[in-house]
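The values are calculated or read from the model by the stated rules, or taken from the named source; none is laboratory data. A quick note: this is a predicted structure, and the numbers were derived from the prediction, not measured. Backbone-built Cβ (ideal geometry, glycine too); neighbour counts: all protein chains shown. These area figures cover heavy atoms from the full protein model, side chains too; ligands, DNA and RNA do not enter into them. Shrake-Rupley method; radii C 1.70, N 1.55, O 1.52, S 1.80 Å.
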Amino acid sequence: MKNFEEEYNVFQDALEIPKPWYVFHNELAKEENTLHIYIEYQSGAEFSCPNCGKTGCKVHDIQDQDRTWRHLNFWQYKTILHARMPRVKCESCGKIRTVVIDWARPGAGFSLLFEHHVLSLMVEMPVAAVAREVGEHDMRLWRVFKYYVNKAMENIDVSNVTRIAMDETSRAKGHKYVTFFIDMDTKRLIFATTGKGADVLQVFSQFLDSKGVLHSQIKEFCCDMSPAFISGIEEKFPNATITFDKFHVMKMVNEALDQVRKQEQATQPELKNSRYAWLKNPENLTEKQGSKLAKLKDLDLATGRAYRMKLSLQKMWTKHPILSELYFDEWHSWAIRSRLEPMIKVAKTLKQHKGGILRWFVTKMTNGLLEGINSLVQATKRKARGYRTADNFIAMAYATVNKLDLIGIS
Ligand SMILES: [Zn+2]
């Protein structure tokens, strides 16, 4: 072993490897396009005990094999750090342990700087592109990514959470669902899990248990009218009330309206190609759709009546809370008497959920935030061309929605 002070080495300087480690050799393997940098510790060096932290432990033995770490490229060369790792025997705790190093996490095959480089690319670029760029398999990159995301998520404080918005999204073809739980007050994605059945509430309650949050602390949920969500909440969070998301309510009414249109189209050919004119909000119509709708509305159509019912229900959320129940009841009896089967059916469903729909006038909770998250997640999904696993998908959602600082933590 050479003495540390012996000669200046540019890699030594650039790598900022702390004493007692130093670069003792480097080798450019041009045919492999790789720079190998060999690191050693000064003879007689002492290390801290990885077990109890005692300083000044002498080296007990040294591994025969090099350990290697992929590091940031040096110019165009892939760079690999090599070192044989010493083990120390601690006089204080008596353990024999491999020393801890500063340039990589225990067990990692990448240096910290390389990992940070990969993380910064992964939040910006499709993972497949990052994998190509750095010449590593994407599964390896995902493992690094998840390590840092999970670490950052551990630091998120959920002790004050009381109001939850939850919704499911499909992460891939074939109905692979993930359900998201958002803290309404901090607007953070605090939890996500696979599936969309009542069991997601069970898994969520276990998550709260692990964080020491009492179930009784959760006072409000906002979700769609999924029977699985409702029964899951009632069972696991009996103290909580549910607000049904108004966007989901309107989506159901829009679906009923569309069924009315489809049925009527068989006898009214002028309804052809009018689907979006009826479904969009009036202010979002194109000029062509607007004039088409104006013409159709003048005809005495069942679709026109269903459309007016939709617009009427939409106005409910602008009413004074005192009038909301009366307004709902009037709307309901109008729909029930409409003789339009899809509208009657949806009116009955809404009546069964009236309490949760009108709860909005107290809580003002919606899943609007989750819609934003869904579109973000969908965009990321397209970008990434598939996440391979739900874990990867969830990790990317945590990172993007919560804008996690992955590099600042370690
Ligand atoms: Zn020790």
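Quick notes on this structure:
- Label zone at Ile336, where the point sits 7 Å out along the Cα-to-Cβ direction: segment 352-376 residues whose backbone N lies under 12 Å: 352
- Mean accessible surface per residue for the chain, computed with a 1.4 Å probe while every protein chain stays in place, in Å²: 52 Å²
- A simple packing score, the average count of other Cβ atoms within 10 Å per residue, orders the peptides 186-194, 366-374 as 186-194, 366-374, with the highest score first.
- The portion of the accessible surface of the chain made up by carbon and sulfur, rounded to a whole percent, is 50 (1.4 Å probe; DNA, RNA and ligands excluded).
- Shape of segment 103-169, Cα gyration tensor, a/c cut at 1.5: oblate
- Reachable lysines from Lys219, criterion Cα separation under 18 angstrom, eight or more residues apart if same chain: Lys187, Lys211, Lys236, Lys364
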